[in-house]
1. Which of the residues spanning region 85-129 are part of a loop (DSSP other than H, G, I, E, B), near the ligand (Cβ under 8 Å from one of its atoms) and of a type in the set (A, V, I, L, M, F, W, C)?
2. Hey, could you check region 213-222 for residues that are closer than 18 Å to LYS5 by Cβ and surrounded by 15 or more Cβ atoms within 10 Å (Cβ to Cβ) and say which is modelled with the lowest pLDDT?
3. Within the bounds of region 53-73, is there any residue that is away from the ligand (no atom under 14 Å from the Cβ), under 21 Å from ALA212 (Cβ atoms), touching a residue at least 40 places away in the same chain (Cβ under 8 Å) and open to solvent by less than 20 Å² (accessible area, probe 1.4 Å)?
4. Looking at region 139-194, which of its residues are of a type in the set (Ser, Thr, Tyr) and buried (at least 18 other Cβ atoms within 10 Å of the Cβ)?
5. For region 14-52, enumerate the residues that are assigned to a loop (DSSP other than H, G, I, E, B), more than 9 Å from the ligand (Cβ to nearest atom) and either under 14 Å from ILE201 (Cα atoms) or of a type in the set (Ser, Thr, Tyr) (or both).
Amino acid sequence: MKRAKPIVAIDGPVGAGKSTVARKLAWALGFAYLNTGAMYRALAIAAREAGVSPGDADVEARLKLVLDSIRIRFDGERILLDDHDVTAAITEPEMSELASQFSAIGAVRARMRDLQREAGAAGGVVMEGRDIGTVIFPDAEFKFFLSADVKVRARRRFEELRAKGAAITLHEVLEQLIERDRRDRDRELAPLKQADDAIAIDTTNFSADDVAAAMKKKIDAIINGGKDLKRA
Ligand code: DC
């Protein structure tokens, strides 16, 4: 192992349960938890404040200026944009949409890659996103790819949004989710896909507790038993 502690990479589409599972797993392992989607969302807030739109002809150059002028960092699970706590603001549906569109742009991905590699370099972290096991840390010691039936994913997301008082229907959530999935998978740079050496887990019929426990068992078996990941 090149690092003092391992890196656990968790990738997958919207609503596959990544955040809940990653948080539980990090707690169980005593690792830090890093939600990379939150970083794209924080950028979306900064870009919106700067008046940048996905349709701008010079969107990439404008986003570069924004990236050069902001600081995104975590304080535990809170995310700070410069010194403002944007943990709640990043969950707005508008930020989901903007983050999804801006995340296809090269300058954005390059900056996020550098920030994320720096944040995870020492290991001892559960990092969640779309391209952690494929691009950010292709040498992560543990890689998981979570998926679930699209209708179940939409319902999970719908319930999350409804709990926050959002005025949206299940059908609208399903349509938005399908569109974001398509964009994440079809983009040219770092598209959402399962790494060849990732363990795939379908979370459709399992609770987040069950999934996190199963992942922890695999990790413990390898760390303690020195077994090969794919055979564990
Ligand atoms: O995980 P999330 O839904 O909060 O992520 C918001 C958007 O950011 C998502 O539509 C795609 C993008 N994203 C990405 O491209 N790469 C990551 N590692 C994480 C998120």
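The values are calculated or read from the model by the stated rules, or taken from the named source; none is laboratory data. In this text, all values refer to a predicted model and were calculated from it rather than measured experimentally. As a convention, Cβ positions derive from the backbone with ideal geometry for all residues, glycine included, and neighbour counts pool all protein chains shown. We work out accessible area using only protein heavy atoms, side chains counted, and drop any ligands, DNA or RNA first. Shrake-Rupley method; radii C 1.70, N 1.55, O 1.52, S 1.80 Å.
1. Passing the criteria: only ALA104.
2. First, the residues of region 213-222 that are closer than 18 Å to LYS5 by Cβ: 215-216, 218-222.
Those still in the list that are surrounded by 15 or more Cβ atoms within 10 Å (Cβ to Cβ) too: 215-216, 218-219, 222.
Values: MET215: 97, LYS216: 96, LYS218: 93, ILE219: 93, ILE222: 83.
Residue satisfying both the conditions and the ranking: ILE222.
3. No - not one qualifying residue is present in region 53-73.
4. Within region 139-194, just SER147 meets the criteria.
5. Passing the criteria: ALA16, GLY17.
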